[in-house]
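Read-outs: derived from the displayed coordinates by stated rules, not from any lab. For clarity, every value in this text was computed on a predicted model and none was experimentally measured. Cβ placement follows ideal geometry from the backbone for every residue including glycine, while neighbour counts extend to all protein chains displayed.
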Amino acid sequence: MWTNGKTAGASLKILNRFQHCCIQTLWRRETDGRQRRLCRLMSSLGPPWRILFFGSDQFAVESLKLLTSSRSSSKGIVESLEVVTLSGEVPVKRFAQQNHLPVHSWPPDNVDGQFDVGVVVSFGCLLHERLINKFPYGILNVHPSLLPRWRGPAPVFHTIMHGDTVTGVTIIQIRPHRFDVGPILNQELHQVPEKCTADELGAVLATKGAHLLIDTLMTLSDRMAHKREQRQTGATFAPKISMSMSWMVWEEQTCDQIDRLYRAIGSRIPLRTTWMGRTIKLLDFAGKCHISLRNQRRKPVPGSVSYQKESNTLAVCCKDGWVGFKAVLLKKRLTAADFYNGYLHQTAEGLFVSRKGGTEAHQLRENSML
């Protein structure tokens, strides 16, 4: 009896130790599993990111360029980078091909599970909700203004045209159905240099926006946790620039307004007026002119043209003074002296006639009808 009891006790101890070892093994396995899952979760909350980039023009190239260089950086922000662009030889497509980035046509085919986050810079196409939902961290947008000011396709042009002294870049999270209304993840101010053009400002904001994008991707989880909705007040719309914006209305536009208009759109769409029923393109803006018309018996009317021989400038009277142009386009490019000698002094018509409907108010009415 004693021997059987002793054997039973020993067997019980062995069984307890076995159970204990099994429990420890299971606990370690579960703990290791939780730790692995936690590590995977932690790694999924930060870079490096698998990015799909949407873009088209030179402004977008600056962000794509910095993302491309970030693939090989020690910070490890970008794990993989692929590009969606529009048809044709757009700058983003050329850059992607030159740097051997995979290129997808628009709209992209199946992207399920292939990317963590999307980046949209100057793309111009509305992304549908079903596409946005393919990205666990959504799709970011680099926008060259201080949203909600200047939502829309041409914020830089309207910043110059309206004389803003402060602008900036904003990183938002894309929302479906409407452009530029998503929550703000990051934003940086930029002082607008005096007398700069839209092209000059756009180049600076492209670089600034690219760096702000990288900063946002480095801390994306935290940025998303603290994102803020755009305020309801102060929202303005920046429609595409169009031909109708370029027509002069001399009796309504001031020297400063014409100056800003030229710096905003002059490199892409020449300012225009009419002379003797013909369209004239005004080139090489010379700014405000200070002239003296001693032989004039009455005050000149807006649109009056005076050739200034000393500066070889065509001075045109507007609402509050005179502005000058060094050249015009009438069939071919003519200097101010050529236009005066070949046309202006041979006629009694020294007046540029406004084309009504070229004002900002008309442009806004046109866009409201689209």
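Scanning residues 5 or more positions from residue 312 or on other chains, none has an amide H under 5 Å from its amide H, with H placed 1.01 Å from N in the peptide plane. Distance between the 7 Å Cα→Cβ label points at residue 75 and residue 221: 1.8 nm. Distance between the modelled labels on residue 298 and residue 65, one decimal in nanometres: 5.7 nm (7 Å Cα→Cβ projection). Between the alpha-carbon centres of the range 224-271 and the range 276-338 there is a gap of 24 Å. Across the range 182-196, computed HN-Hα scalar couplings (Karplus, 6.51 cos²θ - 1.76 cosθ + 1.60, θ = phi - 60°) run x, x, 8, 9, 7, 7, 9, 7, 8, 6, 7, x, 5, 6, 6 Hz from first to last residue, x flagging Gly and Pro.
Within the range 173-215, the GluC sites (Glu not before Pro) that combine a DSSP coil assignment with at most 12 other C-beta atoms in a 10 angstrom radius are 194.
For the pairs 65/93; 281/319; 299/331; 281/326, note any where the Cα-Cα span goes beyond 21 Å. From the list (65/93; 281/319; 299/331; 281/326), the Cα-Cα distance tops 21 Å for 299/331. Across the range 49-225, C-alpha contacts under 8 Å between residues 6 or more apart give a mean separation that, scaled by the residue count, equals a relative contact order of 21 percent.
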